[in-house]
Structure formats: structure tokens, C-alpha cells
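First comes the structure, then the notes that go with it.
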Amino acid sequence: MFCRTIRAGNTNLLNHRPRTATWRISTRKMATATATASGSKVYLSASECKPEFYLPGISEKSAQRASELLQENHEKHHIFFNESGFHNHIAHHLLTVFALNASPEQIQKHYDDNKSYQRPPQPVETDVIEDMSDPKRFQKFLGDEKYYNDYLKYFQKEIDAKGWENVLNEYLFGGDERAEAVLVRMFAGEMPLL
């Protein structure tokens with residue numbers, strides 16, 4: 001297992017000041033059949049790659065519960081909790097209370113407080129996911145919320161095939177028209193990937 005911090009320079013689109021974004025990612029190489037993260041599997045650990053800001057004493061039980069609930073949220077809920085495009089913030093809540101050394105019960109309570117009003121994900125369209133492999137067709141689906149789950153499945157597949165580092169570089173920093181369209185949506189504050 002090793003941790004990486006990625007720093008990606010960009011320009012703030014509103015005031016053109018240089019900014020730096022930081023991601024802390026845990027990559028774990030496993031020889032045995034223990035838990036690991038993938039493009040579609042959430043895995044947190046109390047002993048590996050601590051969050052940037054955290055309170056000491058995070059337990060493995062809390063990490064396990066947070067992982068399970070993040071996975072459930074990932075599988076059962078849409079990124080928007082209503083038709084007006086209001087974002088599902090369960091992942092933010094769970095990761096924050098996890099970093100603040102919450103017990104498994106406290107993590108569960110925060111999840112339960114927010115799950116009742118979430119929308120289910122839309123069905124995946126396999127032909128759309130296949131079309132996304134073509135850079136020109138990839139952009140055809142941008143801006144339409146109904147394709148969110150298709151993009152999610154597409155990127156899970158890409159991460160599993162290429163690794164998160166290569167996918168990040170290709171789809172955010174690749175410099176082509178497709179990467180620019182995704183990068184603008186990530187940093188402009190407008191509906192990510194939509």
C-alpha cells in the first residue's frame with residue numbers, strides 16, 4: 001500500500017488566479033483476499049492515508065461502517081436528490097464525520113438522517129456507455145442529467161482498466177476538446193459532468 005498526493009495546477013475561471021487542487025488517494029496492492037478499493041468499490045482504512053484534516057483515534061470499525069455506507073450511497077442514490085439539481089451530499093457528510101473520529105453508530109445516524117429524501121439512480125444504457133468510448137460521442141451526452149449513471153459506469157470501467165491516475169490525466173488534463181469540456185465542468189461550479 002502506498003499513498004499519493006496529486007497536485008494539479010489550474011486557473012480559476014472567474015478571476016484567473018492560479019489555484020492548486022490536492023487529492024489524497026490510497027492505492028493498495030494486495031496479495032491476499034482482503035478489502036481493496038476499485039473504480040466501483042469504496043474502501044477506507046483507519047490506519048492508511050489519513051484525511052488531510054482529522055482527529056486522532058479513528059477506528060477500523062468506523063472506517064468499515066463509513067465504507068459500507070458510502071458504497072450503499074454510491075449504488076442506491078443519484079447524485080442529485082431532486083429534479084432541480086440539488087446535490088446528494090451524503091459522501092461529504094460521512095467523510096467529514098469519519099475524519100472527526102465519529103463512532104460507527106454516529107456515522108450510521110448521519111447516513112440515516114439524509115437517505116430518506118435521495119433519488120434512486122437511473123437505469124444504465126449499455127449502448128450509451130459504449131458510445132462514450134468515442135471522444136466525439138462522449139461529449140454528446142454532456143449536460144444531460146439523465147446520463148449521469150451512464151457516465152458513472154463508464155468511468156468505473158475506465159478506472160478499472162487504466163487506473164485512476166491515467167483516467168485523471170486523460171479526462172481532466174489531456175488537453176483535448178473532451179478533457180477541456182470535463183475540466184470546465186469540474187471547476188466552474190456548474191453541475192459536474194452535466
Within the stretch 78-105, the residues that are assigned to a loop (DSSP other than H, G, I, E, B), under 16 Å from the mean Cα position of the chain (by Cα) and among the aliphatic types (A, V, I, L, M) are 79
Selection within the stretch 90-129 - exposed (fewer than 12 other Cβ atoms within 10 Å of the Cβ) and in contact with a helix residue (DSSP H, G or I) (Cβ under 7 Å, 6 or more places away or on another chain)
120
Of the numbered conditions (1) farther than 20 Å from residue 39 by Cβ; (2) modelled with pLDDT of 95 or more, residue 166 fails exactly one; give the number of that condition.
(1)
Which ones in the stretch 124-137 are at pLDDT 90 or above, more than 19 Å from the chain's Cα centre (by Cα) and within 13 Å of residue 158 (Cβ to Cβ)?
130, 133
Given the conditions (1) in contact (Cβ under 8 Å) with a residue 40 or more places away in the chain; (2) at positive phi, every one holds for residue 142 apart from (2)
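In the stretch 106-157, which residue that is polar (S, T, N, Q) and assigned to a helix (DSSP H, G or I) is farthest from residue 179 (Cα to Cα)? If you could, list the steps in order and put the result at the bottom.
Taking the stretch 106-157 first, the residues polar (S, T, N, Q) are 106, 108, 114, 116, 118, 122, 126, 133, 139, 149, 156.
Pick out the ones that are also assigned to a helix (DSSP H, G or I) and you get 106, 108, 114, 126, 139, 149, 156.
Working: 106: 39, 108: 37, 114: 33, 126: 22, 139: 10, 149: 19, 156: 17 Å.
Here the residue is 106.
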Could you check the stretch 60-73 and list, in sequence order, the residues that are under 13 Å from the mean Cα position of the chain (by Cα) and either surrounded by fewer than 17 Cβ atoms within 10 Å (Cβ to Cβ) or farther than 23 Å from residue 121 by Cα (or both)?
71
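The values are calculated or read from the model by the stated rules, or taken from the named source; none is laboratory data. These figures come from a predicted structure and were not determined experimentally. All Cβ positions, glycine included, derive from the backbone under ideal geometry; neighbour counts span all protein chains shown.
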